[in-house]
Amino acid sequence: MTWTTLPRSNSSSGLAWHQRGSGPAVVLIHGVGLRAESWGGILPGLATRHNVYALDLPGHGDSPLLDKANPTVTDYTDQIAASLQDIPGPVSIAGHSLGALISLDLAARYREKIHAVAALNSIYRRSPDSAQAVRARANSLTQAQSGRDADPQPTLTRWFGNPPSPANKAANDACYDWLVNGSLPGYAAAYNAFAYSDGPDDAALEKIACPALLLTAAGDPNSTPEMSKALARIIPKGSAHIIEDAAHMAPMTHAKMITNILAEFFAMAEGEV
C-alpha cells in the first residue's frame, strides 16, 4: 500500500480535511505527528457507505497551528467541534491515539454533535514509567524547536520495529516523511498536549451517551488492552475490542481489519443492522 497525498478542502474554522463518499458522516482524527493520509488504508472501505472526512489536526498537514500557547486536548477538541458545524449532524467519529482522546472529549462535551465514537489506541491512566517516558519525549521536541535535533527513529521503532517488516515498510517510510517534514511546532504542541493528558476524567466518560467502541492492539505497550477495557467499563454504552498481533499503528498496519470493525460498529450505531 502507498500513502499518497490526498486532496484537501478547508472547513469554515480553518482546518484542512479530505472528503470522499456519501451517506452518514464519519470524521477521522489522526494521532500526533501524522496527517489525514494515515487513514489511507481505511478511507476507501468506509467511503462505500459513508461521507468520510479525514482531517489534519491543527499544526499538521495543511491545517494551521492553534492560536494558543501550550494547547491542551480540550483546545484541539474545541477547534474540531467548530469545524463540525460544516457537516450536517450528528456525526460518527473515530480517533487514533491523541485523536482518540479528542474523540472521547468530543463525545463527552459535545454530545449533541456525536452519534457514535470509536477510540483507537487510547491511553487511560498511564503507569508512572510510561508517563515519564512520554513527557521526556515531549520535552525533547520542545528543545528541538530551539535548534536541537528531533530524531524520529525511536518513535518509528516503537511503531514498526527496526527494521520494519516488508509489509510495513511503506507505512514506516510515510510516517518518517511526515515526522521529519511536518511542522515541528505543530508536532511539539500536540505531543505536549498528549503527554500531559492522562485520559478523560471518569465523570466526563460517564456523560458519553452514544455508543462507544474502545479498540486497541494486544501488542501496544502504551495504549494497552487494559486501558481500553477500563474505558469500556466506565462509558455507559462502551465496548472493547482487542486486535491480536498488532501494535500502536494498527490503523495503518491492519487497515482492512479495522475498516471492517469500524464499518460494522457505525452501521450498528446507525440502526442499520
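Take the residues in segment 194-241 that are in contact (Cβ under 8 Å) with a residue 40 or more places away in the chain and in a helix (DSSP H, G or I); name whichever of them is nearest to Pro71 (Cα to Cα). Only one residue tops the list, namely Phe194.
Once segment 72-89 is narrowed to residues that are of a type outside the set (Asp, Glu) and without any contact (Cβ under 8 Å) to a residue 60 or more places away in the chain, the residue that is surrounded by the fewest Cβ atoms within 10 Å (Cβ to Cβ) is Thr74. As a summary of the residue check, Glu37 satisfies the conditions (1) more than 25 Å from Gly199 (Cβ to Cβ); (2) assigned to a loop (DSSP other than H, G, I, E, B); (3) among the charged types (D, E, K, R) except for the one numbered (2).
When the test is whether a residue is surrounded by fewer than 19 Cβ atoms within 10 Å (Cβ to Cβ) and either of a type in the set (D, E, K, R) or closer than 24 Å to Leu262 by Cα (or both), Asp105 does not pass it. For segment 180-191, filtering for residues that are in a helix (DSSP H, G or I) and surrounded by fewer than 20 Cβ atoms within 10 Å (Cβ to Cβ) leaves 4. Contact map, segment 11-24: first residue at positive phi, second residue in a loop (DSSP other than H, G, I, E, B) and among the charged types (D, E, K, R), Cβ cut-off under 7 Å, separation 6 or more or different chains; pairs are Gly23/Arg49. Apart from one condition, Met252 fits all of (1) part of a loop (DSSP other than H, G, I, E, B); (2) more than 22 Å from Ala131 (Cα to Cα); the exception is (1).
All told, Gly45 falls short of being touching a His at 6+ places or on another chain (Cβ under 8 Å) and either closer than 17 Å to Ala118 by Cβ or surrounded by 19 or more Cβ atoms within 10 Å (Cβ to Cβ) (or both). Screening Thr2 against (1) surrounded by fewer than 24 Cβ atoms within 10 Å (Cβ to Cβ); (2) among the β-branched types (Val, Ile, Thr); (3) modelled with pLDDT of 95 or more; (4) closer than 25 Å to Tyr187 by Cβ leaves a single unmet condition, (3). Does segment 69-83 contain any residue that is among the small types (Gly, Ala, Ser), part of a loop (DSSP other than H, G, I, E, B) and within 20 Å of Ile208 (Cβ to Cβ)? The answer is no; no qualifying residue exists. Are any residues in segment 99-119 assigned to a helix (DSSP H, G or I) and under 14 Å from Trp39 (Cβ atoms), and if so, which ones? Across segment 99-119, the qualifying residues are Gly99, Ala100, Ser103. The residue pairs whose first member lies in segment 251-273 and is at pLDDT below 95, whose second member is part of a helix (DSSP H, G or I), and whose beta carbons are closer than 6 Å, counting only pairs six or more residues apart or on different chains, are Val273/Ala267.
The values are calculated or read from the model by the stated rules, or taken from the named source; none is laboratory data. Please read all numbers here as calculations on a predicted model, not as lab measurements. Every residue, glycine as well, gets a Cβ built from its backbone with ideal geometry; the counts of neighbours run over all protein chains shown.
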